[in-house]
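So the structure is just underneath, and the comments pick up after that.
The values are calculated or read from the model by the stated rules, or taken from the named source; none is laboratory data. This structure is a prediction, so every number in the text was calculated from the model and none was measured. Please note: Cβ atoms are built from the backbone with ideal geometry, for glycine as well, and neighbour counts cover all protein chains shown.
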Amino acid sequence: MTLEAEAGRGRPGQTLPRSYLGAGHSVRSWLLTTDHKRIALLYLGTITVFFLIGGSAATLMRLELVTPPGELVSADTYNRLFTLHGVIMVWFFLVPAVPATLGNFVLPLAIGARDVAFPRLNLLSWYLTIAGGVLVLASLLLGGVDTGWTFYTPYSSLYSNSYVTLAAMGVFVNGFGSIATGINFLVTIHTQRTRGLTWMRLPLFVWSLYAVSIVMVLATPALAVALLMVVVERLFDLGLFDPARGGDPILFQHIFWFYSHPAVYIMILPGFGVISEVLTCFARRRIFGYEAMVFAMLAIAIFGFFVWGHHMFVSGQSYYANLIFSFLSFAIAVPSAIKVFNWSGTLYGGHITFEASMLYALGFIGLFTLGGLTGLFVASVPIDVHVTDTYFIVAHFHYIMVGGMVTAFFAGLHFWWPKITGRLYSESFARLAALLMFVGFNFTFFPQFILGWMGMPRRYWSYPDDFQVLNVASSLGAVILAAAYLLPPVYLGLSLWRGKPAGDNPWDATGLEWTTSSPPPRENFAVLPVVDTEPYAYHADRVEPHRRGDASHRAVSQSSDPGDDA
Amino acid sequence: MIAPPDAASVSADSFDLMFLVMVVFSGFIVLLVATLVIVFSIRFRSGSRANRHEVRRLVSREVEIAWTAATAFGAMFFFWFASAHFLRHAAAPVDAMEVHVEAKQWMWKATHESGARELGSLHVPLGRATILYMNSQDVIHSFFVPAFRLKQDVVPGMTTTMWFTPTRTGSFHLFCAEYCGTGHSTMLGEIVVMDEAAFAAWLEARPGSGSLVDAGRVLFTEAGCASCHDPASAVHAPDLRGIYGRPVPLADGRIVTADAAYLQDSILQPDRDVVAGFDPIMPNFSGLLDEDEVAGLVAWLRTLERDDG
Ligand SMILES: [Cu+2]
């Protein structure tokens with residue numbers, strides 16, 4: 001970007017506009033805000049609460065699984081716990097975590113806009129999430145749901161006598177929040193980019209939000225249909241999934257996975273974006289293979305719609321369907337692999353420093369690689385036949401969702417925290433938390449791969465003795481992991497009143513969001529920035545990278561645009 | 001305590017080989033990525049004196065193309081590798097021994113060809129292919145035998161099959177692998193593999209419930225099937241003689257083979273696959289006949305010879 005961008009901070013002597021945090025302190029000023037930054041914080045609060053609820057359910061489950069017979073809670077309680085854990089973590093934490101929270105905050109800043117395209121719609125999305133969340137929590141308080149987050153019929157539609165309708169409605173309502181956010185982001189990226197910010201100059205985080213928005217807009221309606229069918233069947237006894245009346249129980253799985261497989265990418269694509277921002281910044285290096293990274297993300301978003309059948313290899317679908325879905329699932333591994341290699345390549349020749357965000361990002365590469373490789377196992381029909389619905393699957397998707405997305409969320413949260421709050425947190429505490437999470441995570445979930453291979457089915461409240469050793473190991477890991485998750489709220493909270501002022505650009509990063517003040521003013525920029533370089537211009541093209549602070553990217557832009565007044 | 005699962009079927013052995021290959025391959029990739037990340041992190045840590053010559057664009061392009069091509073090749077190789085195994089074990093041998101399995105919340109029931117029944121266990125002979133025809137009375141369950149490396153969902157309103165050839169005697173876990181409600185984790189069973197002679201003796205000693213075929217013959221008249229399906233009947237219904245194994249044209253244009261699963265579905269879900277040229281007047285018997293009775297009817301239908309005379 002040019003030095004004109006710097007002008008976003010206001011010229012020397014000019015008083016800066018108030019930060020968005022200072023623009024009103026009343027509850028009303030928060031609950032009726034249309035500022036994308038405040039809405040992001042509303043989301044941050046919301047997902048933190050949900051993460052704590054979902055995490056507590058997981059902790060109880062791991063405690064229960066320490067001994068083979070179910071002793072701590074009853075089978076019915078256990079079934080409600082894993083349902084609650086899944087529903088909350090998927091729809092009320094993972095899906096909104098990066099797009100609606102970090103994305104909301106960063107997207108307009110990163111494209112040099114004053115807000116998203118539809119600020120009021122943005123607020124509505126949050127209210128829909130809250131409304132959905134309230135319904136789900138109400139079902140929890142009334143007695144819970146016991147169908148698993150997948151709501152498989154005919155169990156959910158005809159047999160379960162728990163609060164399925166309420167929970168399904170909650171997820172249904174929340175889905176409209178996702179759709180609205182998706183539409184908002186798509187329009188924002190199309191129409192609100194600042195002067196000079198061409199498509200191929202967009203940071204990868206913006207591209208990832210673009211890809212994920214497409215998926216949210218196109219896939220979520222399928223989820224809505226599937227859940228609505230369950231609700232309607234329960235309320236009006238239509239027999240849609242009842243074979244005795246000509247219904248088809250498998251139909252639900254097709255519609256559900258038509259959403260839920262792409263949803264896996266809703267839950268990982270934005271993570272790809274975050275990691276690309278963080279890695280380049282702390283390696284002081286341009287991203288390796290920018291175009292390939294963009295196309296890989298788009299390819300994943302699109303291919304993601306054609307692989308849902310790999311969740312159904314043992315459901316009784318035909319051999320041919322199995323082979324085709326298996327083939328497509330292998331194909332989608334290619335763009336994912338490109339990303340991993342390009343991230344590794346980005347480190348080459350950098351000047352790498354190991355701040356907490358960077359530790360998360362490096363951890364992400366490892367965990368995502370393992371999660372992705374075990375994806376090849378489950379893409380193979382005969383292997384999947386053995387490991388599906390066992391702990392192998394549980395481990396596989398936790399490596400992607402938790403090892404991948406939650407790690408990326410923390411990488412992004414630490415990366416943008418100084419921008420969001422204007423404060424620096426304790427770097428050593430943050431590094432400690434990052435390491436603990438990495439260790440705790442592997443300790444918890446690696447044993448589950450082995451358990452699944454040995455044949456332990458998932459969603460088991462009690463289990464044969466042969467599986468105990470690894471379950472105990474996994475539960476011990478969960479204790480470490482839980483402790484690690486409790487650290488960030490503490491030191492991030494402390495940073496709010498004890499933290500050093502961050503300055504506009506503490507990491508000396510290149511994105512437009514770093515050219516405005518921290519925290520940014522309500523309007524984001526005093527003067528909208530103009531862009532004339534590629535993203536990640538940490539060093540001039542074809543020039544050796546340099547250390548942070550030695551000679552910053554500004555020097556590079558300066559030479560191309562010397563006439564500025566800085 | 002952390003022992004590999006028993007391997008007790010033909011496909012389990014080849015599964016284990018395939019699994020091993022994938023583990024080694026994945027281990028190699030993880031090591032490769034970890035080495036790249038760690039070596040680069042150390043070598044290019046800020047302040048190190050490593051030579052950071054610029055990566056020229058052309059070189060990076062070539063590197064990219066190379067690893068994209070390599071992964072694409074790898075992915076296709078594994079697809080072929082896995083699918084070949086899958087297809088090799090897809091179709092059951094024609095002379096496989098048949099057992100009907102019925103799942104319901106939360107137990108497993110099995111009925112042998114002889115009419116012998118068991119609850120929560122399944123006895124099968126060593127070295128002989130066995131095929132299971134499976135139905136569910138309520139929700140979706142999944143028949144999972146880790147020692148065979150096999151799993152198949154058991155779905156209400158449809159007959160699914162699964163077959164295996166046991167290679168080791170002993171008793172092995174049977175789990176329900178599809179979540180099915182409160183008792184899901186107690187929906188367990190035991191697969192007992194016995195050598196041929198012991199199995200024959202075991203079968204012999206089961207309280208005789210008569211042969212399935214005999215029960216089916218009687219039921220065919222008692223349940224009223226004959227009133228429509230008898231060739232002499234006035235009702236326009238298909239002649240069932242020689243039906244087994246024949247291709248059946250359906251009203252919606254498909255042509256299906258009348259295997260045991262089809263016969264079973266025709267009785268339990270007659271509206272699903274309506275035979276071309278007939279009205280869908282056949283009553284639904286799913287609430288009227290229990291699993292054993294249906295198995296008996298199917299067994300008897302299969303013995304009917306085509307009447308060419
Ligand atoms: Cu079951």
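Scanning region A:183-209 for residues that are within 14 Å of the chain's Cα centre (by Cα) and closer than 18 Å to A:S125 by Cβ yields a total of 1. In the condition set (1) away from the ligand (no atom under 16 Å from the Cβ); (2) within 12 Å of chain A (Cβ to nearest Cβ); (3) not in a strand (DSSP E or B), B:Y179 is compliant with all but (1).
Within region B:139-169, the set of residues being within 8 Å of chain A (Cβ to nearest Cβ), closer than 21 Å to B:V298 by Cβ and part of a loop (DSSP other than H, G, I, E, B) comprises B:V155, B:G157, B:M158.
If a residue must be in contact with a Ser or Thr (Cβ under 7 Å, 6 or more places away or on another chain) and near the ligand (Cβ under 10 Å from one of its atoms), how many such residues does region B:106-145 contain? Adding up the residues that qualify gives 1.
Screening the candidates A:M293, A:M358, A:M297 for the property of being at pLDDT 90 or above, more than 11 Å from chain B (Cβ to nearest Cβ) and under 24 Å from A:V402 (Cα atoms) yields one hit, A:M297.
Are any of the residues in region A:308-328 crowded, with 19+ Cβ neighbours inside 10 Å, in contact with a helix residue (DSSP H, G or I) (Cβ under 8 Å, 6 or more places away or on another chain), among the hydroxyl-bearing types (S, T, Y) and modelled with pLDDT of 90 or more? Yes - at least one qualifying residue is present in region A:308-328.
For region B:213-241, the tally of residues that are touching a Gly at 6+ places or on another chain (Cβ under 6 Å) and not aliphatic (A, V, I, L, M) stands at 1. Identify, please: which residue in region B:88-128 is over 25 Å from B:P156 (Cα atoms) and aliphatic (A, V, I, L, M) and is, among those, surrounded by the fewest Cβ atoms within 10 Å (Cβ to Cβ)? Out of the qualifying residues, it is B:V94. For the residues A:Q448, A:Q468, the requirement of being within 14 Å of another protein chain (Cβ to nearest Cβ), out of contact with any helix residue (DSSP H, G or I) (no Cβ under 6 Å at 6 or more places or on another chain) and part of a helix (DSSP H, G or I) singles out A:Q468. Determine if region B:197-215 includes at least one residue that is farther than 26 Å from B:Y262 by Cα and within 16 Å of the ligand (Cβ to nearest atom). No, there is no match, as no residue in region B:197-215 is farther than 26 Å from B:Y262 by Cα and within 16 Å of the ligand (Cβ to nearest atom).
For B:P146, the requirement of being surrounded by 24 or more Cβ atoms within 10 Å (Cβ to Cβ), modelled with pLDDT of 90 or more and within 29 Å of A:V378 (Cβ to Cβ) is met.
Within region A:315-330, being more than 29 Å from the chain's Cα centre (by Cα) and hydrophobic (A, V, I, L, M, F, W, C) holds for A:A321, A:L323. Has region B:45-65 got at least one residue that is out of contact with any strand residue (DSSP E or B) (no Cβ under 9 Å at 6 or more places or on another chain) and within 30 Å of B:E118 (Cβ to Cβ)? Checked against the condition, which is being out of contact with any strand residue (DSSP E or B) (no Cβ under 9 Å at 6 or more places or on another chain) and within 30 Å of B:E118 (Cβ to Cβ), region B:45-65 yields no hits at all. Within region B:166-176, which residues are more than 16 Å from the ligand (Cβ to nearest atom) and either free of Cβ contacts under 8 Å to residues at least 12 places away in the same chain or in contact with a Phe, Trp or Tyr (Cβ under 6 Å, 6 or more places away or on another chain) (or both)? Within region B:166-176, none qualify. Return yes when A:T198 is of a type outside the set (F, W, Y) and either under 25 Å from A:D532 (Cβ atoms) or surrounded by fewer than 21 Cβ atoms within 10 Å (Cβ to Cβ) (or both) and no when it is not. For A:T198, the condition - of a type outside the set (F, W, Y) and either under 25 Å from A:D532 (Cβ atoms) or surrounded by fewer than 21 Cβ atoms within 10 Å (Cβ to Cβ) (or both) - is met.
Is it true that some residue in region A:494-503 is polar (S, T, N, Q) and either modelled with pLDDT of 90 or more or not in a loop (DSSP other than H, G, I, E, B) (or both)? For region A:494-503, residues polar (S, T, N, Q) and either modelled with pLDDT of 90 or more or not in a loop (DSSP other than H, G, I, E, B) (or both): present.
Residues checked against (1) crowded, with 16+ Cβ neighbours inside 10 Å; (2) touching a His at 6+ places or on another chain (Cβ under 9 Å); (3) at pLDDT below 85; (4) part of a helix (DSSP H, G or I):
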{"position": "B:E204", "(1), (2), (3), (4)": "no, no, yes, yes"}
{"position": "B:A237", "(1), (2), (3), (4)": "yes, yes, no, no"}
{"position": "B:L240", "(1), (2), (3), (4)": "yes, yes, no, no"}
{"position": "B:Y244", "(1), (2), (3), (4)": "yes, no, yes, no"}
{"position": "B:V248", "(1), (2), (3), (4)": "yes, no, no, no"}
{"position": "B:G253", "(1), (2), (3), (4)": "no, no, yes, no"}
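Could you check B:S185 against (1) of a type in the set (G, A, S); (2) within 16 Å of the ligand (Cβ to nearest atom); (3) assigned to a strand (DSSP E or B) and say which number it fails? Every condition holds for B:S185 apart from (3).
For region A:306-340, residues that are free of Cβ contacts under 8 Å to residues at least 40 places away in the same chain and at the interface with chain B (Cβ under 7 Å from one of its Cβ atoms) total 6. Of all the residues in region B:146-165, those that are over 22 Å from A:M454 (Cβ atoms), within 16 Å of the ligand (Cβ to nearest atom), of a type outside the set (V, I, T) and in contact with a Ser or Thr (Cβ under 7 Å, 6 or more places away or on another chain) number 1. Considering (1) within 30 Å of A:F241 (Cβ to Cβ); (2) within 16 Å of the ligand (Cβ to nearest atom), the lone condition that B:E190 does not fulfil carries the number (1).
For every residue, the table says whether it meets (1) in contact with a Ser or Thr (Cβ under 7 Å, 6 or more places away or on another chain); (2) buried (at least 24 other Cβ atoms within 10 Å of the Cβ).
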residue	(1), (2)
A:I214	no, no
A:P221	no, no
A:D242	no, no
A:L251	no, no
A:F256	yes, yes
A:I266	no, yes
A:V274	no, yes
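Within region B:83-102, does at least one residue satisfy the condition of being within 16 Å of the ligand (Cβ to nearest atom), touching a strand residue (DSSP E or B) at 6+ places or on another chain (Cβ under 7 Å), within 26 Å of B:D195 (Cα to Cα) and at pLDDT below 95? Yes, there is a match, as at least one residue in region B:83-102 is within 16 Å of the ligand (Cβ to nearest atom), touching a strand residue (DSSP E or B) at 6+ places or on another chain (Cβ under 7 Å), within 26 Å of B:D195 (Cα to Cα) and at pLDDT below 95. Listed by first and then second residue, the pairs with beta-carbon distance under 6 Å, at least 6 apart or on different chains, first residue in region A:88-100 and closer than 12 Å to A:L269 by Cα, second not in a helix (DSSP H, G or I), are A:L94/A:M267.
Conditions (1) free of Cβ contacts under 8 Å to residues at least 12 places away in the same chain; (2) under 41 Å from the mean Cα position of the chain (by Cα), marked per residue:
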{"position": "B:S9", "(1), (2)": "no, yes"}
{"position": "B:D13", "(1), (2)": "no, yes"}
{"position": "B:F40", "(1), (2)": "yes, no"}
{"position": "B:R61", "(1), (2)": "yes, no"}
{"position": "B:A84", "(1), (2)": "yes, yes"}
{"position": "B:M97", "(1), (2)": "no, yes"}
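Within region A:388-411, being of a type in the set (V, I, T), closer than 19 Å to A:T150 by Cβ and either at pLDDT 95 or above or in contact with a Gly (Cβ under 8 Å, 6 or more places away or on another chain) (or both) holds for A:T390, A:I393, A:V394, A:I400. Residue selection: B:L174 satisfies the criterion of being within 11 Å of chain A (Cβ to nearest Cβ), more than 21 Å from A:Y152 (Cα to Cα), crowded, with 21+ Cβ neighbours inside 10 Å and at pLDDT 90 or above. When B:A12, B:A50 are checked against the criterion of being farther than 24 Å from A:G371 by Cα, modelled with pLDDT of 85 or more and touching a Lys or Arg at 6+ places or on another chain (Cβ under 7 Å), B:A12 stands alone in meeting it.
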